[in-house]
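Student: Handing you this structure, nothing more for now.
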Amino acid sequence: MPIFVLILVSAVALIAGLSVFFLRYLTEGRRLRAARAAVVLFDVLGVGAMLFLFASHRTEGWAGMLALPIFLGYVAQIIALLLTMLAVLVRAAGRRLRGVPYSPARRRVLKCAALYPAAGALLGSYGAFIERTATVRRDYRIPIRNLPPEADGLVIAQISDVHLGAFFSVEELDALLTETAAGGADLLAVTGDLFDAEHLNEAAAAVLEAHVGDFPRGIWYCIGNHEYYRRNALPIVTQMARRGHVHVLLNAAERVPGCGALYLAGTDYPFARGDAFDTEKAAF
């Protein structure tokens, strides 16, 4: 955690410093001072809020509503900063090619300066509200030596790190599973960090079980670290394992039906939080 904090604080400090410097190319006078103060205030409060959310593992409710504008603000700031830096470099290169001598008295503000922060906000919003919900499918053909002939051509779909909560709903999970099944997968592997919102976890488990029949070789599941962070996640996983509709693998392996001697293995996540970590560490 200290290394992560150092990296995060250093990155935000670099972004803030560059933003404060390059703002002089977007405005001047009182507006420049106000813009610099606003950027510094946002970056300081933003990094403080992010550190609190990460330390407390909060993603639900008000925490998610707080995290979204912070991330959006940082992304917009970075995009605007990069565009401004590029414009300044292009202008400087153009003046050098034309042989225009440097003059400190020359106006520094770029033309159409308002477009740079506007572009940052627009592109950041596109990523946050549109591209974030886009599904990307990547297909890989994996040759396996001595694969049982019954398993030849088996199509396995993998979904991981859905992180239910402010940024991904149960309805979106349902749509994702429907889309995945329609893509022709024989088996679905869900590899952890699914149950990440206490008020949504039970509904998510029901949705997962409802789609078992869509995959001829079933749905297989192992946990991630975030299942340790939500109080009701592990009990829900245990209940799901007892019902037996979803194949839950916790430090276990199970033969895939109809695929000969093909087994799938799933591990527990060995980095629990708090006292649970000490217990696991002693066990290892």
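Student: For segment 191-202, indicate whether the set of residues that are at pLDDT 95 or above and crowded, with 22+ Cβ neighbours inside 10 Å is non-empty.
Tutor: No, because not a single residue in segment 191-202 is at pLDDT 95 or above and crowded, with 22+ Cβ neighbours inside 10 Å.
Student: Is segment 114-134 home to any residue that is more than 30 Å from PHE168 (Cβ to Cβ) and in a loop (DSSP other than H, G, I, E, B)?
Tutor: yes
Student: Take PHE54 and decide whether it is among the aromatic types (Phe, Trp, Tyr), in contact with a helix residue (DSSP H, G or I) (Cβ under 6 Å, 6 or more places away or on another chain) and surrounded by 13 or more Cβ atoms within 10 Å (Cβ to Cβ). Working first, answer last.
Tutor: Numbers: among the aromatic types (Phe, Trp, Tyr): yes; in contact with a helix residue (DSSP H, G or I) (Cβ under 6 Å, 6 or more places away or on another chain): no; surrounded by 13 or more Cβ atoms within 10 Å (Cβ to Cβ): yes.
Taking the combined requirement at face value, the residue does not satisfy it.
Student: Would you point out the residue of segment 109-136, among those that are loosely packed, with under 11 Cβ neighbours inside 10 Å and of a type in the set (Gly, Ala, Ser), that is farthest from VAL88 (Cα to Cα)?
Tutor: Restricting to residues being loosely packed, with under 11 Cβ neighbours inside 10 Å and of a type in the set (Gly, Ala, Ser), the top hit is ALA134.
Student: Right, here's the next one. Please tell me if ARG137 is modelled with pLDDT of 90 or more and of a type outside the set (Asp, Glu).
Tutor: Details: modelled with pLDDT of 90 or more: no; of a type outside the set (Asp, Glu): yes.
No, not satisfied.
Student: What is the residue count in segment 240-261 for residues that are touching a residue at least 60 places away in the same chain (Cβ under 8 Å) and surrounded by fewer than 17 Cβ atoms within 10 Å (Cβ to Cβ)?
Tutor: Adding up the residues that qualify gives 3.
Student: Also, quick follow-up: With the requirement that a residue be of a type in the set (A, V, I, L, M, F, W, C), farther than 19 Å from LEU200 by Cα and not in a strand (DSSP E or B), what does segment 213-265 give you?
Tutor: PHE215, LEU249, LEU250, VAL256, CYS259, ALA261, LEU262
Student: Is there a residue being within 30 Å of ALA63 (Cα to Cα) and of a type in the set (Ser, Thr, Tyr) anywhere in segment 183-194?
Tutor: So far as segment 183-194 goes, yes, one or more of its residues are within 30 Å of ALA63 (Cα to Cα) and of a type in the set (Ser, Thr, Tyr).
The values are calculated or read from the model by the stated rules, or taken from the named source; none is laboratory data. Just so it is clear, the model here is predicted, and its values are computed rather than measured. No Cβ is skipped: glycine too gets one built from the backbone with ideal geometry, and neighbour counts run over all protein chains shown.
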